[in-house]
Amino acid sequence: MVNGLMLVLSLIGLSIVLNGMAMVKTEVRKSPVKTFMMISLGILTLVFLYLVPYSFWRLTGSPANWSGGLSVTAAGIGVVLYVCWLYMTRINKT
C-alpha cells in the first residue's frame, strides 16, 4: 500500500517539476535566478528519476534476482520516455 502510494506521488511530483522546468524555460528571462531555478529543478528531476524505479521495485516485492533488475530497467526506461514526452509537449505547447 505504501509503496504504491510512493509510486503515484513520485509520478505526480515528477510531472509538477517538469511543468515547472518548461515554465521557467519559456517564460523567465535569462538571469542568474533562471539558472538557479533550472539547476534546482534538474536536481529534483534526478531525485524523482531514482524514486520511481525504486518504488516500482519495492512494489514488485523487492526481488534480488534477474526479475528485479528487469523490473527496475523497464520502469527506468518507461520513466525516461515519460519525461521526454511530457517535457516536449509542454515546451511545444507554449
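Quick note: the coordinates plus some simple rules give every number you see, no bench work behind them. All figures in this text were calculated on a predicted structure; none of them were measured in a lab. Note that we place each Cβ from the backbone using ideal geometry, even for glycine, and neighbour counts take in every protein chain shown.
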Subject >> Proxy reagent accessibility, fewest Cβ within 10 Å first, across 52, 47 >> reply: 47, 52
Original post:
Ratio of segment 2-93's C-alpha Rg to 2.2 N^0.38 Å, to two decimals?
Top reply: 1.23
**OP:** Could you tell me how many degrees, from 0 to 90 and to the nearest 10, lie between the Cα long axis of helix 32-59 and the main elongation axis, the longest principal axis, of the Cα atoms of the chain?
**Re:** 10
Original post:
Given R₀ = 25 Å, FRET efficiency for residue 5-residue 92 by Cβ-Cβ distance, to 0.05?
Top reply: 0.20
Subject >> Taking 48, 36 and counting other C-beta atoms within 10 Å, the order from fewest to most >> reply: 36, 48
**OP:** Taking the chain as the reference, fit the longest principal axis to its C-alpha atoms, fit the long axis of helix 2-27 to the helix C-alpha atoms, and give the angle between the two in degrees, 0 to 90, nearest 10.
**Re:** 20
Original post:
Taking trypsin sites (Lys or Arg not before Pro) that fall in a DSSP loop and have at most 13 other Cβ atoms within 10 Å as cut points, what is the longest piece of the chain between them?
Top reply: 31-94
Original post:
If we count other beta carbons within 10 Å of each Cβ, what is the order of 15, 71, fewest first?
Top reply: 15, 71
Subject >> Chain lengthening between residue 19 and residue 84 when straightened (0.36 nm per residue, less Cα-Cα) >> reply: 22.2 nm
